[in-house]
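Chemist: Got a structure for you, questions after.
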Amino acid sequence: MEGAEYLQRWHDRHPGATATTMVSLTNATGRNSYEVLAQVLHSQDEPVLDLACGDGYLLELLRPEHACIGVDWNTAELNIAVGRLGADAPLARADAARLPIATSALGAVICHYALMLLQPFEHVLEEIGRVLRPGGILAAVLPSAPLDETPNPVSAFRAAWNEVSNSYPVTIPPIQDDRALQAEGLAGLLANTGFRSIVMQPLSTSKAMTVDEITESLLLTYLPDLLPPPGLATLTRRLKDELDKLDGGTGTITFVVQSDLVTARRA
């Protein structure tokens, strides 16, 4: 199965999953990653594109202060966005590499936890540059690795996954371009496609959660539903076992998600 086909099927089954997982996680100032991204546009008064807008959560934050357009390839996600924003919301189903937007029409393009999924990546960056006016801003929140190797819910998931996938081997489709998650590689690609003033800032968001809550969040990611039902049941049990080791008898674990806020300007 091709990566793009798998992503579409996954989002058909789990529309709105990204917001469901991320909205309750906040940084030291009490903002979630969507709100941090929206804050980048605090002085922006030109049209804004939310690329891979999903269920429209970020668009709802930005309206009505900003003139917004939302684009996504998945119909199930867009249906939720219409329900959230109204039938007259400027939403379009479109390929990120072929945007139905005029050249230099936008002051900003924003993207939350999706830029690495948009392929072919260089073409997508070129298309973003095309629709931005000179000096226009690209702002994206991307996942990043934990800051250290201290045991945490993400490492618990990886341990459980590695064990279960040995018994239930799966073929992982190519769903992302890893260069988008590597600071030097991403900076180089942005520079090569006409972006300047590239800044990458770490963003840490967290919430104290129960083992069951963290399990539900971690299973609502791209890999688990590749497993057959017995494998998924085994993964769930093993993940809870690993998370129980982190509990420490308090009943909750602080679930920390590390991200990067990337901003760049079109030359």
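Just so you know, all these numbers are worked out from the coordinates, no wet-lab data involved. Predicted model only: the values in this text are computed from it and were never measured. Virtual Cβ from ideal backbone geometry, glycine too; neighbours counted across all protein chains shown.
Chemist: So how do 244-253, 20-29 stack up, highest first, on mean other-Cβ count within 10 Å?
Modeler: In descending order of packing, they fall as 20-29, 244-253.
Chemist: Looking at the stretch 132-195, which GluC sites (Glu not before Pro) are DSSP coil and have at most 15 other C-beta atoms within 10 Å of their C-beta?
Modeler: 149
Chemist: To continue, here is another question. To one decimal place, what Kirkwood hydrodynamic radius in Å is obtained for the stretch 75-167 from all pairs of distinct Cα atoms?
Modeler: 16.4 Å
Chemist: Give the shape of the stretch 121-189 as rounded, prolate or oblate, defined through the alpha-carbon gyration tensor: a ≥ b ≥ c are the square roots of its eigenvalues, a/c under 1.5 means rounded, and otherwise the shape is prolate if a/b is larger than b/c and oblate if not.
Modeler: Here the stretch 121-189 falls in the prolate category.
Chemist: Taking neighbour counts of Cβ atoms within 10 Å as a proxy for exposure, in what order, fewest first, do 198, 110, 137 appear? List each step's numbers first, then the result.
Modeler: Details: 198 17, 110 28, 137 22.
Taking fewest neighbouring Cβ atoms as first place, the list is 198, 137, 110.
Chemist: Another question, if that's okay. Could you calculate the contour length gain from residue 8 to residue 216, that is, 0.36 nm times the residue separation minus the distance between their Cα atoms, to one decimal place in nm?
Modeler: 72.8 nm
Chemist: Just want the ordering: 216, 242, from fewest to most Cβ atoms lying within 10 Å of their own Cβ.
Modeler: Arranged by neighbour count, lowest to highest, 216, 242 become 216, 242.
Chemist: Now for a separate question. Is the shape of the stretch 171-258 best called rounded, prolate or oblate, per the rule: a/c under 1.5 gives rounded, else a/b larger than b/c gives prolate, else oblate, with a ≥ b ≥ c the square roots of the Cα gyration tensor eigenvalues?
Modeler: Details: a/c = 4.21, a/b = 1.66, b/c = 2.54.
Judged from the Cα gyration tensor, the stretch 171-258 comes out oblate (a/c at least 1.5, b/c at or above a/b).
Chemist: Between residue 196 and residue 39, what FRET efficiency follows from the Cβ-Cβ distance if R0 is 30 Å, with the result rounded to 0.05?
Modeler: Working: r = 21 Å, r/R0 = 0.72.
According to the calculation, E is roughly 0.90.
Chemist: While we're here: Around residue 32, which amide H atoms from residues at least 5 apart in sequence, or from another chain, sit under 5 Å from its own amide H, with H modelled in the peptide plane?
Modeler: 27
Chemist: Once amide H atoms are placed 1.01 Å from N in the peptide plane, what residues at a sequence separation of 5 or more from residue 108, or on another chain, have their amide H within under 5 Å of its amide H?
Modeler: It is 49, 137, by chain and number.
Chemist: Rounded if a/c is under 1.5, else prolate if a/b beats b/c, else oblate: with a ≥ b ≥ c from the C-alpha gyration tensor eigenvalues square-rooted, which is the stretch 1-95? Please list the in-between numbers first.
Modeler: Details: a/c = 1.98, a/b = 1.32, b/c = 1.50.
Because a/c hits 1.5 or more and a/b fails to exceed b/c, the stretch 1-95 counts as oblate.
Chemist: Follow-up question, since we're still on this one. On the Cα set of the stretch 82-229, report Rg and Dmax in Å, please.
Modeler: Taking only Cα atoms of the stretch 82-229, I get Rg and Dmax of 18.5, 53 Å.
Chemist: Based solely on C-alpha atoms, express the radius of gyration and the Dmax of the chain in angstrom.
Modeler: 18.7, 57
Chemist: Averaging sequence separations of C-alpha pairs under 8 Å and six or more residues apart, then dividing by the length of the chain, give the relative contact order as a whole percent.
Modeler: Dividing the mean separation by the residue count of the chain yields 23 percent.
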